[in-house]
Each structure stands twice: as structure tokens, then as C-alpha cells.
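Structure, as C-alpha cells:
The values are calculated or read from the model by the stated rules, or taken from the named source; none is laboratory data. Just so it is clear, the model here is predicted, and its values are computed rather than measured. We place every Cβ from the backbone using ideal geometry, glycine too, and count neighbours over all the protein chains shown.
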Amino acid sequence: MGYYLSLLKENLSSSLFHLKVRLRHINFWLLLFSDALLIILAYNIALYIRFIDSPQLSSSQVDLHKQLLIVVIKIISFYSFGMYRGMWRYTSYSDILNILKGTCLASIATVTVFTFLYHFQGFSRSVFIIDAMVTFLLISGNRASIRFWFQKTEQRRSLQRHQQRVKKKNLLLIGAGSAAEKILRELKENHIIPYRPVGLVDDDPQKTAGRVHGIPVVGLIENLPEHALRMEAEELLITIASATGSQMQRIVDICQLTKLPYKVLPGIGQLINGDVSLKSIRNISYADLLGREEVCLDTHLIGDYLENKVILITGAGGSIGSELCRQVLAFAPQLLLLFDAGEENLYSIQMQLSNEYNFQSLVPILGKVQNKKLLNKVFQQYKPAVVFHAAAYKHVPLVENNPWEAVENNVLAAQYLIEASIINRVQRFVLVSTDKAVRPTNVMGASKRLTEMLMQAYSASANCPLYKESKTKNNETMLHCHTVFMAVRFGNVLGSSGSVIPLFTQQIERGGPVSVTHPEINRYFMSIEEAAQLILQAGAMGEGGEIFLLKMGKPIKIVDMARQLIRLSGRIPDVEIDIKYTGLREGEKLYEELITDGEGIVETGHEKIMVLRGIQKDNDHLFKGINLLLEKAGIQDSKGIKEIMQEIIPEYQPDYKTIGTLSTTN
């Protein structure tokens, strides 16, 4: 008791100065008056709770003068703990703690005063215990209400100021499904977003006349121009996450009739993950019109060969290699080795994986795969269990003019990597190939066909000849092969470094013309994400020596792609943007193929993957030819390289008109 009295005396003395200042403010008197009313209310609630079923309530307990005395005692106690000094719009936990202390002190002081004045005759002790609890709840609730009121007032003022600065656009949503519901919910909760939803349209007649979060479904998509005009829409948003390519093409065509800007949400994958929001909105891309279905993966099968393993990916900074890195992370590898010859690309994927994906178990290796000493040190130190070989020169005209680099960077590098995998007992080796390896007409395609043949040669028997290790009288070392080799062959990927789409986009932005090599040229296309996922799936399916073929769908005419990209930019092809035909480039052919005569297609357990059982080749002839290729590459003999490639690959049809960037002196 003495401690609390000394504490009361100390707090009262420090508060006298502030009292004079507070007495001048009306807010002080309002708060004081509200506390007095709450103190009286709390005491009467305590009396009611205590005597609700008892007739023993005495007149002394309800005496108004005694209640006013309680008010005075509690107000003085509250003031001693600084409860009238703070700015209650910023109420915090420390303020609530002070209320608790003040309430406890006030209750003790009240009991003390009533004992001294009235000897506590006619009073119930339990009333003061209940009174203390009710007082704390009412006073705390009052302070919290003040803070809540000020916060809401400030939010309304901030919203009004923002609305005055930012003009909201009328937004019409195309699609009234789950994605649209998420967007409307976000617009409803976040008032600073510069969009005002005015309606939705959908292909389902049963949804028309309905509402989503209070926003009406005004009609069908086919009548979009009419609805956009009637609702005074200023922008369109496509929210049909599961639309196929043909459906998206139809919607885009209708959107273009409105002359309004239109955007789209990402695909169903992000919708499933709960990632769909207004931050996801982007412009329509050609990949949306391609409309390839989502890939179904056997994650357990993939996880069996990737989980907790050391994974080596060559060309890790390239288009396919970097996407492989991102996809592999989903299967929790023990360590990821990023092998790339390009400093900028390697640094970029390293930073992305470590910062955006928060994956730190990675080792960036800057160097060329054909650096045999570096390669062997990497394998000996880190002992990778799985190798994805995506490093290669892929630009057809450049490689055609520099064929010696294709031999060094594509063929020799693959051979060194295969041999290092055998020596170091790698479990699985996946070679990333291309449809240009089928009946090749260019050096790039021929070099990739040679890597496929090398892969099959080393995988042909249990005992693999290491032709580069000349230790026996037959110029070969025999080593038992434990590695399961396979290749994955597919066509062009959208968004890759060699894709025509970035070139077309740049030409459209400059006002044209858009350059197409030939009016009939066509190509197979798939997204980078789809290609990487199917590579991982095929890697789990191989048993040794297979060439897996990804189902690419129907080939697409490049000129049709160019016209569609022009329309997506809001221009009219052949009117506002011209298309210019430049002729086929070095080594380029009109139609890409997926298989060569004699290669038998076999279905697999996956709907998007087939496997090719190739014709058995003469391996001795293959390796002797590769040795001759290396000799010709060493002296930059373009014609000699093509002649030897044609001898090794009979279906190869070289372009002898292109002699290369360097002439050979005979």
C-alpha cells in the first residue's frame, strides 16, 4: 500500500505542470467528461452484475455523491499515469498498459478511501473487483474507438485526395469466372487502383443478368462492341484464364473492333497458385494466341531423379538453360551447377535464382564446355548426378558462315561432356537437340544431328570406347558405362534469343517494314516453359539412347505470325505496316521436319512426348569422321567441314554457296 501511495505522489507532482496546459484544450474536457460517464456506467454495471438476483442492494451503494467520489478518485489516478497527455489517435499497447495500471491504482485508492470514510459499511467487496474489470474494458475500448475513428477519417481524406489526382478508367471485364472474381475483389478492397469496373461479358448466356461482387454481367462476348459503347468502357481486360489459342484469337479480334486498349491476365497456372491480381495484367502476347495446353507432369517420376541431387546445366544462362534452372528448383536439388561461356547471361541467372527464388545452393562456372581440363575438374569436385546439355550455337546464318565454331562448340563440346559423364558415373545425361537436326540443310542442324549420333554411339553398348583417351593399341580406352543417355528434339520456342518475335516487335515499333524471308516459310513453335517442362519429363523416361520428340502441334506460317503481331500492336498489316520478303537466308529451308525416314515413332506414356528409335550407325565411321572434322575446323575449312558432315550424315544437304566468313588457302 505504501508503494502505491508513493507512486501516486510522484506521478501527481510530475503532472501538475501539464494540467495547466491541458485545461485550455476542449479535447481534454471532452475526454475527461466521457471517462467520467464511463466510470459511473462501469460502477452501475458492477452493481447490476453483483445484485442481479439479490435484494440486498443498499442505498449507500447507489448514492450519487459516493459515485461522484469514485469518479474523482479514478480521474486523479488516471491522470497520474499520463492518460490525458497522449494523442489518443495514436493509441498503442503502452497506452493500454497505462490504463491497466491506472485502473488498478484507482481501485486500490477507492477501497482505501471508502474504508477510511465509511469503514466499508454497506459495500460489497466483489462490486469493486467487477468495477475494476469493467472500467478497464470501457476506458480501453473508448481509446481504441478514438484511434479507429481518426484512422478511418484519415483514410477517407487520403482517398479523396488521391481520387482528385488520379482519374479512374471504366473497365469492362471479358469473362465472368474465377479470375474475374479475384480482380473485382481486389478493385473493391483497393480504392487507389485507377480502374472502375462497369460490367462483365461472358459466353455463357446463363451468367447474363447476374452480378459478381455487385458488378453486372451485361451480355455476351460476341456483342462486346455494343456493350463497351453502352457502358462507356475505356479499357478492356480479358480474364478467361483457360482460353485456348483459337478462343483467344476470337476474343482479340472482337476487342480490336471496339478500338479500345485491351490487356490480359496470365494463364490458369497462376490462377491455381492464387497469383492472379491487377499486378499480373499485361499486354496480349503471341504466346496467348498460340494457346498451347498446360503441361501435365509426373512430378513423382521427375523428383526421383532430381531431388537432392547435384545437377549440372550447360548453357545455363541461355533461353532454354535458364528456364531449365528455374524448373529444376521445384524438385529441391542438392546443388545446381550453372555452366555458361557468357559472363552476362551467367550473372543474370545466378542473381535471379539467388534473389528472386531465394536458392543459394548453386555454383556459377564461367567457361567453355570444350575446355577439357576445366570440365574434368568440375566433375571431379562436384560429382553431378544429372547433366542437361543445353549449350550450343543455334543461330543458323551465323553458324553457316562460321562452321568451324559449330564443330568446336556443338560437336566437340558434346563429346567431351559425354565422356566426362561416363568417367564420373553420371546417372542421367539429357541432350537438348532441335528439329533442324532432321534432314539438315545447314551446318547448325548437321552439328546437332552429330551430337545425337554421338549420344547414341556412346549409349549403344555397356562398354563405351573413349576415343579421346588414346591409351591402348586400338587407340581407345574401354570403360563400363553406367550413364543413361537420351536426347530431346523440339522446334522453335517463343521468346528465345533467336526467335523472330523480338525482331518483328522492334520493326513494328519503328513503323515497319516487317521482314519475312519467304511467304510460305513455316515453323513449329512452343513456349520456353513448356519445352523445359517436357525436357525434365523426358529425362525421367529415358532408358538409354532414345531421342524424344515433343509434340509441337501444327506448323505456323511466319508471315501469319507477323500479321498477327502487327494487329496486336493496333496497326493494320499491309496498310499501316508493310511486310517485306527478303529471301531465304544461308542454310535456311522452308519447312522444318520432326523425323527422318527410317526413324520409327513410338508413343510414350505422356500425351506430349514421343520417342524415336533410330537406325544403328557405324560408330567407327562416325568417330573417324569427327576426327577429320576437327582437323578441318582447325584450319577454318568451310567446304571441307561440310563435305565431311555430308559423308557422316547422308541426308545432310549442304549449301556450298556459303563459303564462310574466312576463305581457306589451298
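Checked against the criteria, L159 counts as farther than 23 Å from L32 by Cβ, touching a His at 6+ places or on another chain (Cβ under 7 Å) and modelled with pLDDT under 80. Number of residues in region 259-283 that are modelled with pLDDT under 80, of a type in the set (A, V, I, L, M, F, W, C) and either part of a loop (DSSP other than H, G, I, E, B) or not assigned by TED's automatic domain parsing to the domain that holds R185 (or both) equals 3. From the list Q206, Q256, Q249, exactly one residue is among the polar types (S, T, N, Q) and either in contact with a Lys or Arg (Cβ under 9 Å, 6 or more places away or on another chain) or assigned to a strand (DSSP E or B) (or both). Which is it? Of Q206, Q256, Q249, the one residue that is among the polar types (S, T, N, Q) and either in contact with a Lys or Arg (Cβ under 9 Å, 6 or more places away or on another chain) or assigned to a strand (DSSP E or B) (or both) is Q256.
Each row is one residue, and each column tells you yes or no for (1) of a type in the set (S, T, N, Q); (2) touching a Phe, Trp or Tyr at 6+ places or on another chain (Cβ under 9 Å); (3) at pLDDT 90 or above; (4) more than 26 Å from E344 (Cβ to Cβ).
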position: F429; (1), (2), (3), (4): no, yes, yes, yes
position: T441; (1), (2), (3), (4): yes, yes, no, yes
position: K468; (1), (2), (3), (4): no, yes, no, yes
position: N475; (1), (2), (3), (4): yes, yes, no, yes
position: N492; (1), (2), (3), (4): yes, yes, no, no
position: S497; (1), (2), (3), (4): yes, no, no, no
position: P502; (1), (2), (3), (4): no, no, no, no
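Tell me, which residue of region 436-460 that is hydroxyl-bearing (S, T, Y) and under 16 Å from G491 (Cα atoms) is surrounded by the fewest Cβ atoms within 10 Å (Cβ to Cβ)? Applying the filter and picking the extreme gives T441.
Among the residues making up region 204-225, a single one is among the acidic types (D, E) and either in contact with a Pro (Cβ under 6 Å, 6 or more places away or on another chain) or over 21 Å from R567 (Cα atoms) (or both): D204. When residues in region 519-548 are screened for being acidic (D, E) and on the phi > 0 side of the Ramachandran plot, 0 of them pass. Listed by position, the helices (runs of 4 or more DSSP H) inside region 312-425 whose residues that are among the polar types (S, T, N, Q), assigned by TED's automatic domain parsing to the domain that holds E530 and surrounded by 22 or more Cβ atoms within 10 Å (Cβ to Cβ) number at least 3 form an empty set. With the structure loaded, tell me whether I302 is more than 30 Å from L431 (Cα to Cα), part of a helix (DSSP H, G or I) and at pLDDT 80 or above or whether it fails that test. Spelling it out, it is not the case that I302 is more than 30 Å from L431 (Cα to Cα), part of a helix (DSSP H, G or I) and at pLDDT 80 or above.
Scanning region 235-268 for residues that are touching a Pro at 6+ places or on another chain (Cβ under 8 Å) and more than 22 Å from M526 (Cβ to Cβ) yields E235, L236, I254, L257, T258.
Within region 211-237, if we keep just the residues that are over 33 Å from the mean Cα position of the chain (by Cα) and loosely packed, with under 13 Cβ neighbours inside 10 Å, the residue that is farthest from R250 (Cα to Cα) turns out to be E232.
Restricting A332, A390 to those that are small (G, A, S) and in contact with a helix residue (DSSP H, G or I) (Cβ under 7 Å, 6 or more places away or on another chain) reduces the list to A390.
Restricting region 520-545 to residues that are acidic (D, E) and part of a helix (DSSP H, G or I) leaves a set whose member that is surrounded by the fewest Cβ atoms within 10 Å (Cβ to Cβ) is E529. Elements of the type helices (runs of 4 or more DSSP H) sitting completely within region 1-117 and holding at least 1 residues that are touching a Leu at 6+ places or on another chain (Cβ under 9 Å) and at pLDDT 75 or above: these cover 26-50, 64-80.
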